[in-house]
1. If I filter the range 336-354 for residues that are in contact with an Asp or Glu (Cβ under 9 Å, 6 or more places away or on another chain), without any contact (Cβ under 8 Å) to a residue 60 or more places away in the chain and surrounded by 22 or more Cβ atoms within 10 Å (Cβ to Cβ), do I get at least one hit?
2. Of (1) touching a helix residue (DSSP H, G or I) at 6+ places or on another chain (Cβ under 9 Å); (2) at pLDDT 90 or above; (3) surrounded by 16 or more Cβ atoms within 10 Å (Cβ to Cβ), LEU211 satisfies all except one. Which?
3. Considering only residues of the range 265-279 that are out of contact with any strand residue (DSSP E or B) (no Cβ under 6 Å at 6 or more places or on another chain) and at pLDDT below 95, which is nearest to SER323 (Cα to Cα)?
4. For the range 325-361, what are the residues that are assigned to a loop (DSSP other than H, G, I, E, B) and hydrophobic (A, V, I, L, M, F, W, C)?
5. Quick one: would you say GLY371 is open to solvent by 10 Å² or more (accessible area, probe 1.4 Å), within 21 Å of VAL273 (Cα to Cα) and either touching a Cys at 6+ places or on another chain (Cβ under 6 Å) or not aromatic (Phe, Trp, Tyr) (or both)?
6. Residues being modelled with pLDDT under 80 and open to solvent by 40 Å² or more (accessible area, probe 1.4 Å): count how many of those fall in the range 40-55.
7. Inside the range 166-194, can you point out the residues that are at pLDDT below 70 and assigned to a helix (DSSP H, G or I)?
8. Examine the range 109-124 for a residue that is under 22 Å from ALA199 (Cα atoms), modelled with pLDDT of 85 or more and in a strand (DSSP E or B), and state whether such a residue exists.
Amino acid sequence: MKKWKVPAGISFNPAGSRKRGILALLLAAVPLTVFAAGCSKKDFDASACASACLDSILKGDDTAARQLAEDQADDQAELLASVRSQLLSERVSLSLGDNGDGPGGVQLSPELEQNYTTLWEDIFAKTDYSVSSAEKADDDSYQVTLSTKQLELYGTLQELLPEKLQEYSEASGTAEGTDDSGLYASTMLEAYQEALGSASYGEEASAEITLSRTEDQLWTIDSEDMNTLLESLLDLSVMENGLFNVDPENAQTEATPNTTVPETTGDTVSAAVGDTVSMEKDGSVLAEFSVDSVEVTDARSPYDTSNPEKVVVITYTYTNTGSEDPLLFDEMSFTVTDGDTVCSPYYLDDLQTADIAQQGQGTVTASLAYGVSSGCTGITIHVNNPQLDTPVAIEASVS
């Protein structure tokens with residue numbers, strides 16, 4: 001799963017330019033030109049530009065953009081729609097993983113992809129924001145303040161996840177010839193839809209974006225500002241911390257690892273390779289976990305071009321000893337560190353994929369690989385499953 005990134009920036013042409021109402025959107029450092037709402041008037045209206053642009057991209061409502069672009073309304077609407085289409089595509093990819101033949105790729109029907117596109121259109125439509133004010137700063141930039149309420153979609157989805165994983169497990173175990181990837185994606189689509197139908201909003205907050213002028217007289221919205229705004233509108237950080245998108249068939253390759261070194265607290269259990277750790281939830285032991293081996297491998301993947309100096313393979317086992325909900329220890333449960341450096345996952349073809357562990361149905365064995373430096377002699381394996389309350393730190397030598 002790829003981590004979603006907002007496009008590099010959004011730019012507006014100021015009033016008085018010979019080119020009326022130009023908006024430049026930078027995608028992968030390639031500028032595309034679209035006509036910006038509000039910039040064709042004599043006085044630059046930062047509030048109108050920001051509001052109309054966001055309405056077009058997030059809500060799919062280009063009414064204001066068309067009105068402010070005047071005789072260039074069709075060009076304005078078409079190009080803002082292309083920005084919206086790319087953002088929707090990114091969200092669908094985030095939800096489904098890579099749809100292809102590469103590592104972690106899955107083959108999903110066009111109908112299912114379209115259903116996820118419709119889902120994200122509905123999610124964007126429910127975002128709650130309004131432009132409160134726009135103040136001109138001393139450096140000739142504009143500080144645009146927005147009133148926002150965060151759509152708590154993922155907090156709601158978390159509550160539905162155990163039930164949906166159970167449904168998936170039962171269906172994939174009984175339906176002969178079932179396409180597990182498609183079945184899982186369909187199950188999670190239902191979870192998203194149910195969560196969206198009952199999701200609430202957080203308290204009213206504010207977010208700010210700065211419109212600043214470039215050398216070629218375009219007004220830009222910095223990508224960091226856009227990221228901050230989107231986090232104000234949707235609880236993305238919950239998903240990025242690994243509570244969702246845990247496709248049992250491709251969990252190891254589709255996750256987005258945490259790049260922050262975990263803090264060791266009084267609740268952290270210290271262990272060694274080969275130790276079995278009892279893991280709890282609300283004071284009850286629900287699982288047993290162990291890292292069985294940590295080995296350096298010469299194997300390399302033709303798909304992963306990161307080219308690490310050394311690759312270690314971690315093999316681990318876990319058992320559901322008391323949880324009525326299915327348990328899953330995939331890549332999102334792990335952070336591997338070499339001193340103060342977080343190690344990146346490495347995607348080998350022959351790794352054992354993590355699977356759902358049902359209560360009383362035996363032990364699951366899985367493996368993950370990580371790239372480390374050539375001089376690395378030891379790593380710390382931090383295990384923190386969001387379904388449980390027991391963080392674990394395992395020290396392992398690397399030879």
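1. Residues of the range 336-354 in contact with an Asp or Glu (Cβ under 9 Å, 6 or more places away or on another chain): 345-348, 353-354.
If we keep only those that are without any contact (Cβ under 8 Å) to a residue 60 or more places away in the chain too, we end up with 346, 348.
Going one step further and asking which of them are surrounded by 22 or more Cβ atoms within 10 Å (Cβ to Cβ), we end up with 346.
Scanning the range 336-354, I find at least one residue that is in contact with an Asp or Glu (Cβ under 9 Å, 6 or more places away or on another chain), without any contact (Cβ under 8 Å) to a residue 60 or more places away in the chain and surrounded by 22 or more Cβ atoms within 10 Å (Cβ to Cβ), so the answer is yes.
2. Exception for LEU211: condition (2).
3. ASP267
4. The answer is LEU328, PHE329, CYS343, LEU348, LEU351, ALA354, ILE356.
5. Yes.
6. Number satisfying all stated conditions: 3.
7. The answer is SER172, GLY173, THR174, ASP180, SER181.
8. Within the range 109-124 (the criterion being under 22 Å from ALA199 (Cα atoms), modelled with pLDDT of 85 or more and in a strand (DSSP E or B)), the answer is no, since none of the residues qualifies.
The values are calculated or read from the model by the stated rules, or taken from the named source; none is laboratory data. Computed from a predicted structure; not experimentally measured. FYI the Cβ positions are ideal-geometry reconstructions off the backbone, even for glycines, and counts take in every protein chain you see. These area figures cover heavy atoms from the full protein model, side chains too; ligands, DNA and RNA do not enter into them. Shrake-Rupley method; radii C 1.70, N 1.55, O 1.52, S 1.80 Å.
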